[in-house]
């Protein structure tokens with residue numbers, strides 16, 4: 001997608017109460033082992049102020065922004081779909097949240113586009129107007145689970161499945177938590193249990209959970225994220241608007257000789273929505289999500305997507321769009337690299353495309369291209385190794401016990417016990433839950449930035465915690481997974497697969513900050529490269 005020049009910045013203030021922060025250059029989310037909810041900084045303060053002023057849950061506001069942009073305003077430059085700032089206030093023929101923010105705040109569009117604090121307060125004002133239209137009372141506004149339809153409306157998707165994908169992404173971030181490092185300091189959200197009230201969207205099929213999609217035919221422009229692709233079985237099938245591509249009969253009409261790698265300049269859900277918009281005039285065959293490598297197909301392989309800006313290359317290529325922004329390396333996760341490489345390898349084998357850099361190219365390599373994606377942060381060496389399978393990752397696994405010298409740290413508030421025979425090793429640590437930061441940390445020397453499975457071992461007991469928060473310091477920020485330590489003890493239990501950064505650092509923590517009841521247990525962890 002096109003990277004445009006930053007717009008002019010203004011100096012207008014948000015009245016007397018809120019001083020605008022200057023536009024900030026967002027940085028990759030931090031994997032620092034912190035367990036705080038309100039770090040200092042201008043952008044963090046902007047979220048606090050906007051949330052209080054418009055009675056919008058602060059963490060919901062921050063999670064929505066992180067889902068859209070990783071809290072990077074990109075110097076006021078628009079996304080591919082005309083979205084601006086850390087909150088992606090949008091002006092296109094389908095979504096008008098920027099204009100709605102102008103009306104709701106009285107600020108001019110330039111200020112809302114280019115000033116972070118204004119952008120945040122504009123989004124909060126729009127969300128509050130949607131909440132009022134939905135009839136949310138004051139008590140309901142204080143319940144984050146009640147805001148699900150409001151969040152879905154903010155995303156602008158008219159297709160229910162895409163609207164659910166957008167809102168689910170925000171609530172997933174609320175559940176896991178994250179820490180984003182920006183030019184004015186970190187912005188953090190601590191994970192918590194969520195139970196969003198999806199309303200009418202509850203009956204909509206989640207991504208990739210349904211049956212195989214159409215084997216032939218023209219896309220209708222109405223998607224179903226529960227339908228699977230027939231061209232590439234792991235992908236969901238969501239047809240782009242038929243106004244955004246050309247129906248064809250490749251490979252009879254044209255040979256398929258290339259795979260073209262793109263960066264969306266936007267979010268996964270937002271890109272799906274944009275390609276469904278008849279006025280977009282663009283499309284791609286496949287889209288890949290940053291967090292987990294999920295794949296959605298929007299144009300059949302046989303048809304010609306409008307992605308390369310060169311008709312000859314459009315007719316002879318398959319376009320892959322990757323969630324994120326060219327300037328922000330935090331979007332290029334190991335999960336997305338691996339999913340994309342698996343797709344490219346499949347396409348090359350299927351259509352006889354050589355697995356080399358002459359035939360697997362970036363958008364910037366298309367003749368006449370004015371685009372820079374996937375940009376300097378895309379790791380071509382690693383990607384091609386994954387495509388060709390030339391350097392399989394070495395087997396690696398490590399265990400850190402609470403008694404491993406120099407690898408486990410905990411405050412004096414954590415006591416040591418040998419009570420349970422389900423313990424790993426000689427003993428384990430325990431502490432009472434409190435509403436404060438006091439995590440016990442496991443330090444791990446990660447050999448290379450890659451995907452790892454993280455497992456935990458704890459003794460189970462009816463008096464242990466019902467929702468123990470395990471913090472995993474990933475390449476895109478801290479993620480929190482809650483574990484019921486009353487059951488399934490005395491064995492390895494997986495927290496999931498995460499992208500971890502190379503280096504010797506605190507990687508897994510056990511926090512005392514939980515609403516769960518019972519002692520929080522810190523015993524042992526195991527990290528395995530995949």
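Observations on the model:
- Pair residue 205, residue 133: separation of 7 Å Cα→Cβ label points (nm): 2.9 nm
- Estimated 222 nm signal from helices in the chain, with DSSP H stretches of n ≥ 4 weighted -39500 (n - 2.57), rounded to 500: -7000 deg cm²/dmol
- Sorted by Cβ density within 10 Å, fewest first, the residues 237, 147, 306: 306, 237, 147
- Ranked list, fewest to most other Cβ atoms within 10 Å of each Cβ, for 201, 60: 201, 60
- R0 of 30 Å, Cβ-Cβ distance residue 357-residue 453: FRET efficiency to nearest 0.05: 0.45
- Compactness of segment 306-410 was expressed as the Cα radius of gyration divided by 2.2 N^0.38 Å, which yields 1.42.
- Label-zone membership for segment 479-515, site residue 404, 7 angstrom Cα→C-beta point, backbone N under 16 Å: 492-495, 500-510
- Distance between the modelled labels on residue 312 and residue 251, one decimal in nanometres: 2.0 nm (7 Å Cα→Cβ projection).
- Helix axis angle, 334-351 relative to the chain longest principal axis, alpha carbon, degrees: 40 degrees
- If you take the alpha carbon atoms of segment 360-407 and fit the smallest convex hull around them, that volume is 117 Å³ per residue.
- Tail weight of P(r) past 27 Å, computed on alpha-carbon pairs of segment 236-388, percent: 12 percent
- Between residue 530 and residue 279, the contour length at 0.36 nm per residue exceeds the Cα-Cα span by 86.2 nm.
- A protection proxy built from the mean count of other Cβ atoms within 10 Å ranks the segments 374-386, 409-421, most packed first, as 374-386, 409-421.
- Ratio of the Cα radius of gyration of segment 478-530 to 2.2 N^0.38 Å, where N counts its residues: 1.25
- Cα-based Rg of the chain normalised by 2.2 N^0.38 Å, two decimals: 0.99
- Tail weight of P(r) past 21 Å, computed on alpha-carbon pairs of segment 406-522, percent: 34 percent
- On the beta carbon distance between residue 48 and residue 370, with R0 = 56 Å, the FRET formula returns roughly 0.90.
- Calculated over segment 42-190: convex hull of Cα atoms, volume per residue (Å³): 100 Å³
- Here the gap between residue 504 and residue 443, fully extended at 0.36 nm per residue and compared with their Cα-Cα distance, gives a gain of 21.3 nm.
- Exposure proxy shown here: for 523, 231, 143, the number of other Cβ atoms within 10 Å sets the order, fewest to most, as 143, 231, 523.
Only the coordinates and a few stated rules stand behind these numbers; no lab work does. Quick caveat, the model's predicted, so the values are computed rather than measured. Don't worry about glycine lacking a Cβ; one is built from the backbone with ideal geometry, like all the others, and counts go over all protein chains shown.
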